[in-house]
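Reviewing the structure listed below.
The values are calculated or read from the model by the stated rules, or taken from the named source; none is laboratory data. All values derive from a computational prediction rather than experimental measurement. Every residue, glycine as well, gets a Cβ built from its backbone with ideal geometry; the counts of neighbours run over all protein chains shown.
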Amino acid sequence: MEKKTKIDAENGKQDLTITRVFELPVELLFKAYTEAEIVEQWMGTKVLKLENKKHGSWQFETKDPHGNVVFKANGTVHEFIPDQKITRTFEMDNAPFDVQLEFLEFEKLTNDTSRLNMHVVYRTPELRDQMLKLPFEYGINMAHNRLQEVLNKLK
Amino acid sequence: MNLRRDVFQAIADPTRRAILLLVATQAMTAGVIASNFDTARPTVSKHLQILTECELLKQEQNGREIYYHINAERMKDVADFIEPFRAMWEERFNKLEDIMKNYKGN
């Protein structure tokens with residue numbers, strides 16, 4: 001089966017691109033990035049703040065069942081063009097990764113399909129590779145459990 | 001798991017990446033490898049040792065010389081090191097797609 005999500009991370013470079021084609025109109029894809037309740041569901045994190053405008057800022061936070069903060073991130077929006085483009089920064093709190101710059105381009109393919117092109121620029125190639133090497137298996141398991149929760153709620 | 005991490009550390013270093021690229025073109029001795037870098041020879045030896053320990057390079061005796069080869073099998077593992085990262089985004093995007101398809105129906 002062809003992989004829907006593609007990562008292009010050239011060796012020794014400080015950036016990468018993530019590309020994905022969705023069976024969704026571009027307006028719905030874009031909405032998934034701008035409505036806090038929806039972002040919370042697919043990102044599996046609480047949205048404390050999400051200002052969809054130039055010079056707006058955002059803040060996400062994830063707590064474990066005991067109320068301990070396990071993930072916190074924030075950033076600023078630099079460009080916001082509905083259904084087309086979001087340029088923003090991303091920084092994880094209490095992590096040695098420094099801020100990263102994200103260019104999100106939303107592209108209409110047909111009336112029912114769209115493509116997201118995410119270009120992420122890190123401060124150094126080493127920081128990029130460190131991000132890639134995070135123990136993501138853990139994250140995937142967490143995401144999987146949350147997916148189950150979301151699906152159960154929908155039933 | 002530790003071994004995997006070691007491989008990541010190995011390729012995080014720019015000189016070691018350059019060595020891998022160089023040796024990928026053809027097998028060569030430590031001396032020839034070192035002559036391609038401004039770095040002091042003991043430093044290059046240290047890099048070779050690390051690359052050999054995590055099995056990205058293989059040593060082969062040829063007469064009196066030891067040649068370094070790329071371990072293709074191991075390099076393939078490294079090429080896959082992006083996979084968990086990719087899988088994480090795939091999972092998120094699948095979820096996004098499911099949620100929004102449902103949204104459309106509302």
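Below, the figures for the structure above:
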read-out	value
Flag if A:Lys46 is in contact with a Lys or Arg (Cβ under 8 Å, 6 or more places away or on another chain), within 20 Å of B:Met88 (Cα to Cα) and away from chain B (no Cβ under 12 Å)	yes
A:Lys63 vs. criteria under 26 Å from A:Pro125 (Cα atoms) and either modelled with pLDDT under 95 or within 11 Å of chain B (Cβ to nearest Cβ) (or both)	no
The lone exception for A:Glu51 - which of (1) surrounded by 17 or more Cβ atoms within 10 Å (Cβ to Cβ); (2) farther than 30 Å from B:Thr15 by Cβ; (3) of a type outside the set (A, V, I, L, M); (4) within 16 Å of the chain's Cα centre (by Cα) it fails	(1)
Subset of region A:1-23 (residues that are under 15 Å from A:Glu105 (Cβ atoms), in contact (Cβ under 8 Å) with a residue 40 or more places away in the chain and not acidic (Asp, Glu))	A:Leu16, A:Thr17, A:Ile18, A:Thr19, A:Arg20, A:Val21, A:Phe22
Filter result for the condition that a residue is assigned to a loop (DSSP other than H, G, I, E, B), of a type outside the set (Lys, Arg) and within 13 Å of chain B (Cβ to nearest Cβ), over A:Leu24, A:Leu16, A:Leu29	A:Leu24
Candidates A:Gly44, A:Gly56, A:Gly12, A:Gly67, filtered to the one that is of a type in the set (Gly, Ala, Ser) and within 13 Å of the chain's Cα centre (by Cα)	A:Gly44
